[in-house]
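Remarks on the structure that follows.
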Amino acid sequence: MGLYDVSIIATGSHVPDKVITNADLEAMVDTNDEWIRTRTGIRERRQLGEEETVTDLAIAAAQKAIEQAGIDINDIDLIIAATFTPDLYFPPLASMIQRGIGAKKAVCFDSNAVCAGFLYSLVQGSQFLQTGAYKTALIVAAEGITRYIDYTDRNSCILFGDGAGAAILQATPRPECAQGPTTGLLDFDLGSDGSRVDVAFTPRHTAPKSWLDTLSNRETITPYIWQDGRAMFKAAVNGMTDSLKRVLERQQLDASAIDVLVPHQANLRIIEAIAERTGIPAEKTALCIEEYGNASAAAMALAFDKWMRLGKVKKGDLVMFTAFAGGLIWGSALFRM
Ligand SMILES: CC(C)(COP(=O)(O)OP(=O)(O)OC[C@H]1O[C@@H](n2cnc3c(N)ncnc32)[C@H](O)[C@@H]1OP(=O)(O)O)[C@@H](O)C(=O)NCCC(=O)NCCS
């Protein structure tokens, strides 16, 4: 196998029509629009309709990316779906996408790195392409998190929303004189700390309660998203900042070299803190948290697609992705467009 470079040739996204505004949440829990906006930067988020599925969102986002890329459906040889909220335990969401779009030749699997899922899947997909194993990959991040939200818990229900985002990666032979990748994935930093699984989690209903109590050191376990908001906030700021800096240092790049920052969209104050600590200015930061909240793996994909469509990501740009997730899991990935 030779070495190949990777290009992100297209993106797409799709969200449900149903909107949950801050005013809607005021009617459900003791909160208010001003608190939510100033503490999180979120104005509204989307929610799956009763008959709508994560699979529907994923297929719609994938189809938009495929249309934009102008590729033949049979060119797709790999589909990776990033999600922690698939409609089925199995088959994987990626197989459902394959069926929906008719990409008969694709190899399909899911990848669960929770909120860091899109970033991890971009890295995985790029590596399959860089080795020459596959030529065209479809990466889709899709979530239906509102199905796992307790709408009496103001600590979590204000944050999360549903949506899907997709990207198409394509391999091209690397120029012979090149020392390393000239486009696509240039470098990445991934990490995990499993000793902190209890900072944020959502139990499956099949897990024995006694085991969950031990795991989380708590007595009340519900089938909804649970998080220690403050601990997550702190860990996210430190985790993404440190990871991003490691990539910059290894690449001997100053923060000013980054053209676009695509961070996970969990809380605007987390994103602002990362921008401030790394020296990447706010105007270079892709955001969609105001309109979609935290859509977990899909959040970063939605922000990236928004900026691609606005023409804010140009050929040759250096794009830094950075994400943080329950696990704890974190990562940063540097791409040349
Ligand atoms: C959850 C989060 C929004 C809470 O914001 P915060 O600024 O840390 O707020 P705190 O928990 O310190 O609470 C501050 C005050 O606001 C109150 N408060 C908390 N949630 C509130 C809400 N939705 N509406 C109104 N008041 C609220 C608290 O009770 C507290 O009141 P007190 O000072 O009288 O005790 C924030 O911590 C966060 O975004 N964390 C990261 C979450 C994340 O990334 N999750 C992904 C994991 S999967």
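A few notes on this one:
- Every pair of residues 6+ apart whose Cβ atoms lie under 6 Å, when the first sits in the stretch 233-260 and is assigned by TED's automatic domain parsing to the domain that holds Ile329 and free of Cβ contacts under 8 Å to residues at least 40 places away in the same chain while the second is among the basic types (Lys, Arg) and in a helix (DSSP H, G or I): Thr241/Arg277
- With a requirement of 3 or more residues that are within 21 Å of Asp228 (Cβ to Cβ), the helices (runs of 4 or more DSSP H) lying completely within the stretch 263-337 that satisfy it span 268-278.
- Total residues in the stretch 252-271, condition near the ligand (Cβ under 10 Å from one of its atoms) and buried (at least 17 other Cβ atoms within 10 Å of the Cβ): 6
- Residue in the stretch 137-147 that is under 27 Å from Arg45 (Cα atoms), more than 16 Å from the chain's Cα centre (by Cα), within 12 Å of the ligand (Cβ to nearest atom) and surrounded by fewer than 20 Cβ atoms within 10 Å (Cβ to Cβ) present: no
- Of the residues Asp153, Asp189, the single one that is among the acidic types (Asp, Glu), under 29 Å from Ile274 (Cβ atoms) and surrounded by fewer than 17 Cβ atoms within 10 Å (Cβ to Cβ) is Asp153.
- The stretch 171-182 residues that are in a loop (DSSP other than H, G, I, E, B), paired with ones that are among the hydrophobic types (A, V, I, L, M, F, W, C) (beta carbon under 7 Å, 6 or more apart): Arg174/Leu3
- If only residues of the stretch 30-63 that are under 30 Å from Arg230 (Cβ atoms) and part of a loop (DSSP other than H, G, I, E, B) are counted, the one that is nearest to the ligand (Cβ to nearest atom) is Thr31.
- Unmet criterion (only one of (1) β-branched (Val, Ile, Thr); (2) surrounded by fewer than 20 Cβ atoms within 10 Å (Cβ to Cβ); (3) more than 23 Å from Val6 (Cα to Cα)) for Ile71: (3)
- Filter pass, Ser210 being of a type outside the set (D, E, K, R) and within 30 Å of Ile274 (Cβ to Cβ): no
The values are calculated or read from the model by the stated rules, or taken from the named source; none is laboratory data. Bear in mind the structure is a predicted one, so any value in this text is a computation, not a measurement. No Cβ is skipped: glycine too gets one built from the backbone with ideal geometry, and neighbour counts run over all protein chains shown.
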